[in-house]
Amino acid sequence: MEFSLDDYKAIQSRNEFFYPKNFLPFNAIDKCKYQALEQEHKDRGLKISDTFEGLRLRTGKEYFHKVYPAQSSALNFSESSFPTYRFLMPDVLTDDWLAIVDFHKKFSRDHALHQPLTSYIVFRLLGGGISDKSLQINGKFLLDLCVEQVLSSPYTQYIRDYLLNLDAQSDLLDKTELSKEIWKSLFYETAMVAAIFHDIGYPWQYINRLSNSLKTSDFNLKHLPSNAKYIRDTFKNRLIMYPFFGYKLPSYNTPCNWEEKLLNLLSDSLSKTHGFPGALGFLYLNDLVRKYPYSSNLSTQQLCVEWAALGIMMHDMKGIYWGKGKTNQPENDSLRLVFDKDPLSCIIAFADVLQDFERPMVKFDINVNDKGSLFNYDFSCQSTRISVINDAIEIRYNFKKEEYRIVNIDFKKEEEKEYFDPQYGYVDFSPIGIKKIKLICDLQPSVV
């Protein structure tokens with residue numbers, strides 16, 4: 001299975017690529033709350049049209065003409081999947097560009113195009129919600145493997161229990177062939193929601209990057225501990241808190257020092273990742289406009305929101321999982337993504353690693369008159385190919401120049417160890433028979 005921008009455009013032109021809209025939270029939106037929030041945003045903040053125009057002037061035609069249709073499609077999908085995204089989108093796109101050209105961090109890359117292309121990869125991996133079109137792994141289809149884990153694994157009981165708490169009468173709790181098909185559609189749809197919005201937390205991470213740089217000169221009070229307590233208290237019953245307790249309901253038999261440990265984990269997740277702020281922002285903006293209390297027939301929509309937030313958060317918890325040490329063992333091993341425990345987050349994290357093509361970095365060249373810099377939005381990877389060979393998956397990144405391939409070899413070697421080391425890698429596919437995942441850098445010269 002090969003992924004590329006050309007393939008993304010091709011299946012779009014054939015009307016084969018689509019965002020599903022069966023279980024989305026649009027029906028759970030309180031129109032009065034939405035209109036009040038809309039009015040609040042009218043007189044302040046960036047407008048979407050101004051943001052697109054600002055990007056066009058700063059990035060040039062080639063890059064902008066890739067981003068504009070992809071983000072327009074995301075905005076269209078958000079009208080039913082995440083209606084308040086339109087209020088966040090201008091800052092997401094603007095701060096993404098600022099982070100690319102900023103030099104507080106080396107090697108910052110695009111996310112404006114990356115998120116839609118990640119959703120395209122999820123679409124391909126899961127066959128657009130059709131089992132026999134999804135990735136095949138040793139005679140079984142990936143979409144079916146995901147749903148099997150959700151319905152049968154003892155480690156995913158927390159998902160079934162969460163739905164039970166939302167609606168004890170839900171048809172999804174019946175173990176029938178029809179309910180299995182509904183779960184399949186729900187899983188696919190939730191994965192697409194998580195994929196298209198998985199990096200919306202970058203504005204907060206960018207702010208944290210600047211705050212960290214100004215730390216020694218900052219006269220403001222530090223609020224991270226109080227923020228962590230507020231988040232713990234406010235979101236304690238939400239699905240995103242379960243991974244901090246080993247994917248279980250917060251227990252009553254926690255050690256006496258667990259409170260401090262948890263608050264430190266929440267503080268680190270808030271300040272050092274974009275996944276956790278993104279998940280919180282996703283939940284918060286949905287909470288501002290949703291109906292509550294709500295009738296039980298909206299429980300599936302709310303599960304879609306909660307589950308998508310979990311995928312948004314967990315795709316970027318690798319750093320928290322490994323911790324601050326440089327040892328070969330992770331500091332917070334309960335956060336590991338294991339397929340029979342959190343198949344949805346495994347899919348999002350996997351797709352995020354696969355989506356390396358068409359991700360530009362900005363290069364700066366002094367112009368001939370020495371009066372300024374020329375921005376060049378160049379990308380190195382043209383496509384990604386995956387192959388399943390018995391109990392292994394090979395991921396081949398096709399780079400357009402040898403120099404790009406060489407530069408990426410060491411980076412991919414480190415990424416392979418951090419994500420897919422058989423013993424300690426952040427993502428574990430062994431419950432479905434995949435014992436090894438190899439990242440390979442190939443050369444595929446550009447065709448002129």
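The values are calculated or read from the model by the stated rules, or taken from the named source; none is laboratory data. This structure is a prediction, so every number in the text was calculated from the model and none was measured. With ideal geometry, Cβ positions are generated from the backbone for all residues, glycine too; neighbour counts draw on all protein chains shown. To get the accessible areas, we keep the full protein, side chains included, count just its heavy atoms, and leave off ligands, DNA and RNA. Shrake-Rupley method; radii C 1.70, N 1.55, O 1.52, S 1.80 Å.
Structural remarks
- Sites listed here are trypsin sites (Lys or Arg not before Pro) in segment 167-261 whose DSSP assignment is loop and whose Cβ has at most 12 other Cβ atoms within 10 Å: Lys175, Lys222, Lys236.
- Residue-normalised accessible area of the chain, expressed per residue, 1.4 Å probe, Å²: 48 Å²
- Dipole size of the chain about its Cα centre, with +1 on Lys/Arg Cβ and -1 on Asp/Glu Cβ: approximately 460 debye, rounded to the nearest 20.
- Sparse packing (at most 11 other Cβ atoms within 10 Å of the Cβ) combined with a DSSP loop state is found for the following trypsin sites (Lys or Arg not before Pro) in segment 339-439: Lys371.
- Nitroxide proxy distance, nm - points 7 Å out along Cα→Cβ at Asp102 and Ser179: 4.7 nm
- Shown in residue order for segment 51-59 are the 3J(HN,Hα) couplings computed by the Karplus curve 6.51 cos²θ - 1.76 cosθ + 1.60 at θ = phi - 60°: 5, 4, 5, x, 5, 4, 5, 9, 10 Hz (x for Gly and Pro).
- Shown here are the Rg and Dmax of the Cα trace of segment 57-173, at 19.3, 54 Å.
- Each Lys or Arg adds one and each Asp or Glu subtracts one; over the other residues with Cβ under 9 Å from the Cβ of Arg385, this totals -2.
- Dividing the convex hull volume of the alpha carbon atoms of segment 1-96 by its residue count gives 122 Å³ per residue.
- When the solvent-accessible area of the chain is split by element, carbon and sulfur atoms take up 52 percent of it, the probe being 1.4 Å.
- Panel values: the chain, Kirkwood radius from alpha carbon pairs, Stokes-Einstein at 10 °C and 1.306 mPa s, translational diffusion coefficient 70 µm²/s.
- Rel. contact order, % - alpha carbon contacts under 8 angstrom, at least six apart, the chain: 18 percent
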